[in-house]
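Okay, so here's the structure we're looking at.
Bear in mind these aren't lab numbers, they're just calculated from the coordinates by the rules spelled out. Not measured: the values here are computed from a predicted model. Counting neighbours? That spans all protein chains shown, and the Cβs are built from the backbone with ideal geometry, glycine included.
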Amino acid sequence: MFLQQPVYINAAYAVSPQVSFEQMLQEPVRYNGDRLACVEPDYTKYVDAKLIRRMSRIIKMGVAAASEALQQAEIKEPDAIITGTAYGCLADTEQFLSRMVEFKETLLSPTAFIQSTHNTVAAQIALMLQCHSYNNTYVHRGASFESALTDARSLLEEGDAKYVLVGAADEIIDKSHAILKRFGLYKTSGDNLSLIGSGTKGTMAGEGAAFFVLSTDKQKGKAVALSAFENLYKPQRDAADIISNFLVQRELAPSAIDLVIMGNNGDEREDRHYEAIQQQLFSDHTVITYKQFCGEYPTAAAFAVWMAYCIINRGVYQNKPVKRVLIYNNYMQHYPVLYLLSAC
């Protein structure tokens, strides 16, 4: 997808299984088993204590990430709020369905149902900000975040918004994790820091919320250019060809990329896909992965974009200068996506 005019990420923040970006680089949090849970911040910095008690965990995560991103961008109210989620508010959904069974479909409180809808995170952010502008949520499985980003880009390029808050949030709960585990998606043992290259079947479940402030205006000292991105669904073409064409269309050679972030998730069946691409196109590049830090979930690519934003702002990775980062992820081998981020 060509961006007709520059789109900049002026701020980014993620609530994830890691404490912070800097600590993630120096001493990442270690998890044992088959699941990574978010390290939750002090929500009282963002939400009134009385409201916190009524919010489910994913809503608090989304509100905190969105609030921090807006504070960093020094924006009080965006012109649009757009989110993407695959699972939605699982905890509230479980609570509503459980009570429906428990009370035999009588005398049900509507609160859990109201908060279980997928657009609750975006709606809660708007309520807190008293923002009555464009508000939308995309629920497109592994392409949920990319759909939200496409909408944000369209608003900016058409001049319908100047600052757009866009993000993704997904959570994992005990019941949903147990259901997904039956499909053989997760490992039975191990730890996240040895996840990639484990050579065994299964990955580790993850969750997180990442939000970004996008604009066609760049803020000095903070902005990173979202130069291009492209997402597909079950393409018939080879992945290496897709990536090569993506770069050729932007008149870039693989050598122009300073850092490649790949979506390996530790499942030997999927890691072979990424390893083949690395050997064909990026054998001489610095290639890193990110799902050992956040786990696997449908909108994990948002975590990778936050990670790339932080690396470019630092300017170096492993003592090498970084000005251009390419991200490639292919959730469940059905949703390949490419992002190109550049220093301004």
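Observations on the structure shown:
- Straight-line cross-link reach from LYS291 at under 21 Å between alpha-carbon atoms covers these lysines, not counting any fewer than eight positions away in the same chain: LYS181, LYS187, LYS201.
- Dipole moment magnitude, nearest 20 debye, the chain about Cα centre, only Lys, Arg, Asp, Glu C-beta charged: 340
- For the range 75-102, the residues whose backbone nitrogen is under 20 Å from a point 7 Å from the Cα of THR111, taken along Cα to Cβ, are 89-102.
- DSSP-defined beta bridges in the chain - what % are antiparallel, rounded to 5: 65
- In this rough spin-label picture, where each label sits 7 Å from Cα along the Cβ direction, the LYS162-LYS175 distance is 4.6 nm.
- Applying 0.36 nm per residue to the separation of ARG272 and PHE183 and subtracting their alpha-carbon distance, the gain on full extension is 30.0 nm.
- Taking the charge dipole of the chain about its Cα centre, with +1 at Lys and Arg Cβ atoms and -1 at Asp and Glu Cβ atoms, the residue from THR289, LEU97, ILE243 reaching farthest to the positive side is LEU97.
- Taking chymotrypsin sites (Phe, Trp or Tyr not before Pro) as exposed when their DSSP state is a loop state and no more than 16 other Cβ atoms lie within 10 Å, the longest site-free interval of the chain runs over 234-344.
- FRET efficiency for LYS218 and GLN249, using Cβ-Cβ distance with R0 set to 22 Å, rounded to 0.05: 0.40
- Contact order relative to length of the chain, as percent, for alpha carbon pairs under 8 angstrom and 6 or more apart: 25
- Only DSSP H runs of four or more residues enter the estimate; each adds -39500 (n - 2.57), and after division by the residues of the chain the mean residue ellipticity at 222 nm equals -10500 deg cm²/dmol.
- Annotation for MET332 and ASP284: the two label points, set 7 Å from Cα along the Cα-Cβ direction, are 3.9 nm apart.
- Which of SER194, SER244, SER56, SER16 has the fewest Cβ neighbours within 10 Å, and the rest in rising order: SER194, SER244, SER56, SER16
- Debye intensity ratio I(q)/I(0), log10, the chain, q values 0.07, 0.11, 0.15 Å⁻¹ (C-alpha model): -0.27, -0.69, -1.32
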